[in-house]
Amino acid sequence: MLGRVRRPLAAGLLALGVLFVAACSPPGEEQTGGGGENTGPIKIAIANAQSGQLSSLGAWELKGAKLAIDEWNAKGGINGRQIEIGVFDSQGDPTVGTNVARKIASEGFVAMLGTAESAVTIAMAPILQQAQIPNITSGQSPGLIAVKSPFLFLNGPTSLTYDETLAKHVVDQKGLKTIALITNNGSYGKGEHDSFTKALATRGVTPVADQVVTTDQKDFSAALTNIRQKNPQLIFVGAEEVQSGLIVKQARDLGIKAPFAGAAPQGTPVFLDTAGAANVEGTIVSTPYLSNEVDDASKTFAAAYKTATGEEAEMHGAKAYDGAQILLTALKNSNAAKGKELADAIRAVKHKGLLGDFAYDDTGVGIFATSIGTITSGKLVPAAG
Amino acid sequence: MQVFLQTFIGGMSLGAIYALVAMGFSLVYRTMGLVNFAHGSVVMIGAYIASTFYLSVKLPFALAMAVAIGVTGLIGIIIERVLRPLENKDFDLMLIGTIGFGIVLEALAIIIWGATGRAVPSPVPAAPIDLGGLRIRTYDLVVLAIAAAATALLVYFLQRTKRGAAMQAVAMDHQAATAVGIHVGRSNAMAFMIGAGLAALAGGLVGPLLYVSPAMGGLLGIKGFAGAILGGFGSIPGAILGGLGIGVIDSFAAGQFQGYSELVTFLIFTVIIMIRPTGIFGERTVNRA
């Protein structure tokens, strides 16, 4: 009750601050498409959770996107026009997200990067579609595709890809058949649950336990004790970073020895810190961005990221960086177009990014592969075999 | 049976934390008749200070907790001091004032520690105790012991010391208390200070169990508040029982109803409150609102 009352208020204050910053930029945008006849900076909105439980995602996303934009600005912007960022706090909350979407639409932003939460992005999508503002999201729920907005693009694979690759690895290659599931009932967890169950079903595997928790839950004794009794070879976790970490920590405390598996969140430092390095040893992760040392591009990115933020780069920053690069390339190719023209330009971009080679299809998905890594001595390394 | 007992143990551990939060709510309420809506945020600040001194300054955990309790106690005094002019004048404004303090504290935490949050490793590295397949975390036992000790101390303070008795007197009738020479403002400040200290205790202890972030106060505040109401708002034993009750109900609801556990927990809570509107230990010492 209290939190619910307080958060919108805090958001209001924050949004006010953002508004103020945004208001300082020169006006003169019109919603009509086309044309390099405009001068002045190009306004891009970055909307993400900057407060609340999912703010670590938002912080990474912002750093990644900002890095790309700063690089472009340093090189002279797009056709001589600088790119201006407006940062919005969605708090990881769909209701706040819709307000943010309306603000973005009314303040002349040509495109939006974010959010990292599928549920929030789905809530914002109709407003952005109506305002003809292209949106490159970091969400990965299949629900994003179901929205069928021609203005919505993903900067990574969907859960289907993550979990299909994971199922292929654990069932087909490692031959594990007794698998337990623990997922949360939020948009992300639900997507993971459905995608992984589907990938298992096509292989004739039925999970031995299927435990669902709430997104706010902190104590998993009941769910984990149930799983322990089934003695699975592998436990699939479909939850965000912190919650996944707590699940693994409590599972180890309960004496569960089976390795865990999951998608993107399980490869992040927050997951590792929350669970404790010893507890996550052997976790199998399906991710499009294994590490900062995969190739030259990721090394360059990681170095630049470290210089700009003082932190080690990780997957979410890389995804946001890719997304921003795609958007900026599209802006350049279309000579700073807007609306539908810009959306078409994004769809046409072929980008060799950190996550792989992007080529968008009609659903707004540009990449269809992930790799499998295992956490070994506190680091995510490519899985053998 | 094993699932049942393990679920119970899991519920008790968080329940002890809720109980500490509930005690803070109740203490301020019984003394001033005020619900301190900033309480959840004070818990969060306590967790941050404890974890900062434990992780960054590398103090022993107990010492870090002591620092956290001291600092938040000070915050409690400040909150009371700012709100004091409103005491007995405008109750609604006081309530809103505490909500305001909650927002300020949350914003402060974001400014000081960033929005990302941090994980705190358990200060008790011993492996969980295995009792015939039941696993009990050693840290949980520490939490329960500290919660019990804090309760005993608080009860002793309220019933056996002069200042405690003065606070009880203010709770019963503040005008009469003033008449016999008790400084009501000081008594209120004391309630706020002890309440905030309890919040820091809960926050510091919950850090290694959960994850310290600026948003953590919301959930702990709500559950602790529910615990206080369940036990009988204003009653100290009630807060303990209510907090533990909420933890255990929560844990079992999670096992039975999975994704709908939150809903079920609060449905059960509502039903209990409908049957016993004054909570388990339903003596309302205060009615000044």
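Before moving on, here are some points about what is shown:
- Assessment of region A:236-255 against the conditions (over 27 Å from residue B:218 (Cα atoms) and more than 11 Å from every other protein chain (Cβ to nearest Cβ)) yields at least one matching residue.
Results for (1) under 30 Å from residue A:240 (Cα atoms); (2) touching a Lys or Arg at 6+ places or on another chain (Cβ under 7 Å); (3) not hydroxyl-bearing (Ser, Thr, Tyr), shown as yes or no for each residue.
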| residue | (1), (2), (3) |
| --- | --- |
| B:169 | no, no, yes |
| B:176 | no, no, yes |
| B:183 | no, no, yes |
| B:187 | no, no, no |
| B:190 | no, yes, yes |
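- Within region B:254-281, the only residue that satisfies the criterion of being assigned to a helix (DSSP H, G or I), surrounded by 18 or more Cβ atoms within 10 Å (Cβ to Cβ) and touching a Phe, Trp or Tyr at 6+ places or on another chain (Cβ under 8 Å) is B:254.
- Criterion applied to B:275, B:240, B:222 was being more than 11 Å from chain A (Cβ to nearest Cβ) and in contact with a helix residue (DSSP H, G or I) (Cβ under 9 Å, 6 or more places away or on another chain), and the one residue passing it is B:240.
- Selected residue (criterion: nearest to residue A:194 (Cα to Cα)) from residues of region A:238-270 that are in contact with a Ser or Thr (Cβ under 8 Å, 6 or more places away or on another chain) and acidic (Asp, Glu): A:240
- Checked against (1) part of a helix (DSSP H, G or I); (2) touching a residue at least 60 places away in the same chain (Cβ under 8 Å), residue B:135 passes all but a single condition, namely (1).
- Test: residue in region A:126-142 that is touching a residue at least 24 places away in the same chain (Cβ under 8 Å), farther than 17 Å from residue A:346 by Cα, in a helix (DSSP H, G or I) and of a type in the set (S, T, N, Q): yes
- Of all positions in region B:34-46, none carries a residue that is part of a helix (DSSP H, G or I), within 30 Å of residue A:226 (Cβ to Cβ) and either modelled with pLDDT of 90 or more or of a type in the set (Ser, Thr, Tyr) (or both).
- Qualifying position, being within 14 Å of chain A (Cβ to nearest Cβ), surrounded by fewer than 15 Cβ atoms within 10 Å (Cβ to Cβ) and either under 30 Å from residue B:9 (Cβ atoms) or touching a residue at least 40 places away in the same chain (Cβ under 8 Å) (or both), among B:60, B:125: B:125
- Any hit, region B:30-49, residues being surrounded by fewer than 24 Cβ atoms within 10 Å (Cβ to Cβ) and among the small types (Gly, Ala, Ser): yes
- Residues of region A:223-232 include none that is among the polar types (S, T, N, Q) and closer than 30 Å to residue A:361 by Cβ.
- The single condition from (1) modelled with pLDDT under 50; (2) within 14 Å of chain B (Cβ to nearest Cβ) that residue A:35 fails is (2).
- Filtered by the rule that a residue be over 22 Å from residue A:327 (Cα atoms) and either part of a strand (DSSP E or B) or at the interface with chain B (Cβ under 8 Å from one of its Cβ atoms) (or both), region A:43-58 gives A:51, A:52, A:53, A:55, A:56.
- In the set B:146, B:136, B:110, only one residue is facing another protein chain (nearest Cβ under 10 Å), of a type outside the set (Gly, Ala, Ser) and in contact with a helix residue (DSSP H, G or I) (Cβ under 7 Å, 6 or more places away or on another chain); that residue is B:136.
- Counting the residues of region B:76-133 that are closer than 30 Å to residue A:271 by Cα and either touching a Ser or Thr at 6+ places or on another chain (Cβ under 9 Å) or at pLDDT 90 or above (or both) gives 25.
- Screening B:247, B:238, B:221, B:195 for residues that are buried (at least 24 other Cβ atoms within 10 Å of the Cβ) and closer than 25 Å to residue B:124 by Cβ leaves exactly one candidate, B:247.
- Scanning region A:254-269 for residues that are surrounded by 24 or more Cβ atoms within 10 Å (Cβ to Cβ) and either out of contact with any strand residue (DSSP E or B) (no Cβ under 9 Å at 6 or more places or on another chain) or not in a strand (DSSP E or B) (or both) yields A:263, A:264, A:265, A:266, A:267, A:268.
- Lone unmet requirement of (1) modelled with pLDDT under 90; (2) within 18 Å of the chain's Cα centre (by Cα); (3) among the β-branched types (Val, Ile, Thr) for residue B:3: (2)
- All of A:194, A:172, A:219 fail the test of being facing chain B (nearest Cβ under 10 Å) and of a type in the set (Asp, Glu), apart from A:219.
- Output for region A:239-262, where each listed residue is among the charged types (D, E, K, R) and in contact with a Leu (Cβ under 8 Å, 6 or more places away or on another chain): A:240, A:241
- Filter pass, residue B:250 being acidic (Asp, Glu) and within 14 Å of chain A (Cβ to nearest Cβ): yes
- When region A:107-135 is filtered for residues that are closer than 20 Å to residue A:56 by Cα, buried (at least 24 other Cβ atoms within 10 Å of the Cβ), of a type in the set (A, V, I, L, M) and over 10 Å from the mean Cα position of the chain (by Cα), the ones remaining, listed by number, are A:112, A:113, A:120.
The values are calculated or read from the model by the stated rules, or taken from the named source; none is laboratory data. Because the structure is predicted, anything quoted here is derived from the model rather than measured. No Cβ is skipped: glycine too gets one built from the backbone with ideal geometry, and neighbour counts run over all protein chains shown.
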